[in-house]
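The values are calculated or read from the model by the stated rules, or taken from the named source; none is laboratory data. Since we're looking at a predicted model, the values are computed, not measured. We place every Cβ from the backbone using ideal geometry, glycine too, and count neighbours over all the protein chains shown. We work out accessible area using only protein heavy atoms, side chains counted, and drop any ligands, DNA or RNA first. Shrake-Rupley method; radii C 1.70, N 1.55, O 1.52, S 1.80 Å.
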Amino acid sequence: MIPYIPNTKDDQKKMLEEIGVESINDLFESIPPHLRLKTEVNLPSSLSEMELIGRLRGLSKKNVSLDEYISFLGAGSYDHFIPTIIDHLSNRAEFYTSYTPYQAEASQGTLQAIYEYQSLICNLFKMDVSNASMYDGATALAEAVILAYNVNHRQKVLVSKTIHPEYRQVLTTYVEKTLGLSIIEINYRNGITDLTELEEKIDEDTSCVVVQNPNFFGCLEEVKEIEKIVHKFGSLYIVSVDPISLGLLIPPGDYNVDVAVGEGQALGNHLNFGGPYLGIFTCKKEFLRKVPGRVVGETTDKKGKRGFVLTLQTREQHIRRERATSNICTNHNLNALRAAIYLSTLGEEGLKEVANLCLQKSHYAAERICQISGFELSFTSPFLKEFSVKCPVSSHKINKLLWENKIIGGFDLGKFYPELRDCLLFCVTEKRTKGEIDKLTSLLEKMV
């Protein structure tokens, strides 16, 4: 018997009689006796609310947060400043407790918030269409490749090794294991996609070419040169983009990208222990009917009053599963709302300033680190916000020393790139101060 379920003995007796068994133990007859628990569950004694809060607070102190530690770790999740207005507005009950609007047009506030998000993302990416968001950057990238396959039905996918390694793992699960497409990785040279190898491997059977800009190493890809190669063979050009970088860099639409995706966590969303995050998905208008997820549109009612409707959605799978464009039929609405508030709050000039601060501070950090004997940049390609450093001692030792001094160090690239063993990927956002960067470098000096 589970005592915290508030059923009296009479309640239990009536329920057992209704289902035709004599005791609760009879419900578990299908479980072999040797697998059943024969001892009491090891749970602490009951606590009052006040005692429970005290216990939980004590447990929470075993964790650390970015209020206590300085972070130079990026690799897909970023410690950007979040204006307080974002928490203030997104935590309102009508936003925070809402869920997927099954009777969509009755939820005009939710639909308008999604519509504004789509409009802001289209403007930022300079793309024709944005959906209402996906689960995260990795799933958005995988869905982009599926869209390409649904458009041209070609079997080969060329993927740069400079794309986030975990994104590539998700992509493999999605399209290689499920759809049977062939994923061919393109090597990098000096931290960016090797265009010579790309030209050698692309052909008329190539469905799409996938790159990331800035890429996983923080380096800027030669996006215009890649576009010329991709479209020469009629393949689709897919780019995963850091939305913060678009405060400075040319947007995907301006270099003729077919599908542009990205991780939107940096747009006003907390790190959240790795999720939930925000998958940005945009494309050219000719692919609108192939878009996964949902798209909200603006209309007028019979009285001419402005309103919003769920124009497209992947709900075909409820009645005609074979017609569905994707298994993802919902969106991360709260995360998208936060992104919309963030972009509205900062505006064009504010986003430009954030990106510029990331650029200037990351270059200052790289310069300071490379002044230390034995440390040097892994690549000489231009970078924004993140950069890789070759270290004279093991990455593990460096990060251990930094952790002991309340600094979260760089990402050990050797985990995914054996040739980059003892190379650390450092990230410097607008939140990092000169004093914090100088503290980092002074600790690194102690390692040599």
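Can you tell me which residue among Lys13, Lys62, Lys9 is under 30 Å from Leu413 (Cα atoms) and either basic (Lys, Arg) or touching a strand residue (DSSP E or B) at 6+ places or on another chain (Cβ under 7 Å) (or both)? On inspection, the qualifying residue turns out to be Lys62.
A Cβ distance below 8 Å, combined with a sequence gap of six or more or placement on separate chains, defines the contacts here; from the stretch 124-153, residues that are closer than 14 Å to Asn327 by Cα and acidic (Asp, Glu) reach residues that are part of a helix (DSSP H, G or I) and open to solvent by 10 Å² or more (accessible area, probe 1.4 Å) in the pairs Glu143/Tyr174. Is one or more of the residues making up the stretch 82-97 in a loop (DSSP other than H, G, I, E, B), closer than 23 Å to Tyr277 by Cβ, among the hydrophobic types (A, V, I, L, M, F, W, C) and touching a Pro at 6+ places or on another chain (Cβ under 8 Å)? So far as the stretch 82-97 goes, no, none of its residues is in a loop (DSSP other than H, G, I, E, B), closer than 23 Å to Tyr277 by Cβ, among the hydrophobic types (A, V, I, L, M, F, W, C) and touching a Pro at 6+ places or on another chain (Cβ under 8 Å). For Gln118, are the conditions met, namely being at pLDDT 95 or above, outside any helix (DSSP H, G or I) and open to solvent by less than 50 Å² (accessible area, probe 1.4 Å)? The answer is no for Gln118.
Of the residues making up the stretch 374-394, those that are touching a Phe, Trp or Tyr at 6+ places or on another chain (Cβ under 9 Å), within 20 Å of Pro165 (Cα to Cα) and open to solvent by less than 40 Å² (accessible area, probe 1.4 Å) number 9. Reported count of residues in the stretch 63-95, each being among the polar types (S, T, N, Q), touching a helix residue (DSSP H, G or I) at 6+ places or on another chain (Cβ under 8 Å) and within 30 Å of Leu444 (Cα to Cα), is 1.
From the set of residues in the stretch 169-195 that are in contact with a Lys or Arg (Cβ under 8 Å, 6 or more places away or on another chain) and either assigned to a helix (DSSP H, G or I) or open to solvent by 50 Å² or more (accessible area, probe 1.4 Å) (or both), which is farthest from Phe379 (Cα to Cα)? That would be Ser182.
Determine if the stretch 363-371 includes at least one residue that is open to solvent by less than 60 Å² (accessible area, probe 1.4 Å) and among the hydroxyl-bearing types (Ser, Thr, Tyr). No.
Of all residues in the stretch 27-39, those that are part of a helix (DSSP H, G or I) have Cβ atoms under 9 Å from Cβ atoms of residues that are of a type in the set (A, V, I, L, M, F, W, C), 6 or more apart or on another chain, in Leu27/Leu16; Leu27/Ile19; Leu27/Val21. Looking at Ile85, Ile70, just one residue is β-branched (Val, Ile, Thr), surrounded by 12 or more Cβ atoms within 10 Å (Cβ to Cβ), within 30 Å of Thr345 (Cβ to Cβ) and touching a strand residue (DSSP E or B) at 6+ places or on another chain (Cβ under 8 Å), and that residue is Ile70.
Only a single item in (1) surrounded by fewer than 17 Cβ atoms within 10 Å (Cβ to Cβ); (2) of a type in the set (Asp, Glu); (3) under 17 Å from the mean Cα position of the chain (by Cα) is not met by Asp136, and it is number (1).
Condition first: in contact with a helix residue (DSSP H, G or I) (Cβ under 8 Å, 6 or more places away or on another chain) and either open to solvent by less than 70 Å² (accessible area, probe 1.4 Å) or under 20 Å from Thr345 (Cα atoms) (or both). Now tell me which residues in the stretch 101-115 satisfy that.
Pro101, Ala104, Gly109, Thr110, Leu111, Ala113, Ile114
Among the residues of the stretch 409-430, is any among the β-branched types (Val, Ile, Thr), in contact (Cβ under 8 Å) with a residue 40 or more places away in the chain and either in contact with a Leu (Cβ under 6 Å, 6 or more places away or on another chain) or assigned to a strand (DSSP E or B) (or both)? No, the stretch 409-430 contains no residue that is among the β-branched types (Val, Ile, Thr), in contact (Cβ under 8 Å) with a residue 40 or more places away in the chain and either in contact with a Leu (Cβ under 6 Å, 6 or more places away or on another chain) or assigned to a strand (DSSP E or B) (or both).
Counting only residues that are on the phi < 0 side of the Ramachandran plot and in contact with a strand residue (DSSP E or B) (Cβ under 8 Å, 6 or more places away or on another chain), the stretch 217-250 holds 23 of them. Applying the criterion of being more than 20 Å from Gln212 (Cα to Cα) and of a type in the set (A, V, I, L, M, F, W, C) to the residues of the stretch 147-180, the residue that is farthest from the chain's Cα centre (by Cα) is Val151.
Counting only residues that are within 17 Å of His164 (Cβ to Cβ) and either in contact with a strand residue (DSSP E or B) (Cβ under 6 Å, 6 or more places away or on another chain) or assigned to a loop (DSSP other than H, G, I, E, B) (or both), how many does the stretch 253-268 have?
The number of residues fulfilling the criteria is 7.
In the stretch 284-298, what count of residues is obtained for those that are surrounded by fewer than 13 Cβ atoms within 10 Å (Cβ to Cβ) and modelled with pLDDT under 95?
Total satisfying the criteria: 1.
The residues in the stretch 154-168 that are among the small types (Gly, Ala, Ser) and surrounded by fewer than 20 Cβ atoms within 10 Å (Cβ to Cβ) can be counted, and the count is 0.
Only one of the numbered conditions (1) surrounded by fewer than 24 Cβ atoms within 10 Å (Cβ to Cβ); (2) farther than 29 Å from Ala366 by Cα; (3) in contact (Cβ under 8 Å) with a residue 60 or more places away in the chain is not met by Ser235, and that is (1).
Is there a residue in the stretch 339-358 that is under 23 Å from the mean Cα position of the chain (by Cα), surrounded by fewer than 18 Cβ atoms within 10 Å (Cβ to Cβ) and modelled with pLDDT under 95? No, that holds for no residue. Checked against (1) more than 29 Å from Glu404 (Cβ to Cβ); (2) open to solvent by less than 30 Å² (accessible area, probe 1.4 Å); (3) touching a Leu at 6+ places or on another chain (Cβ under 8 Å), Phe95 passes all but a single condition, namely (2).
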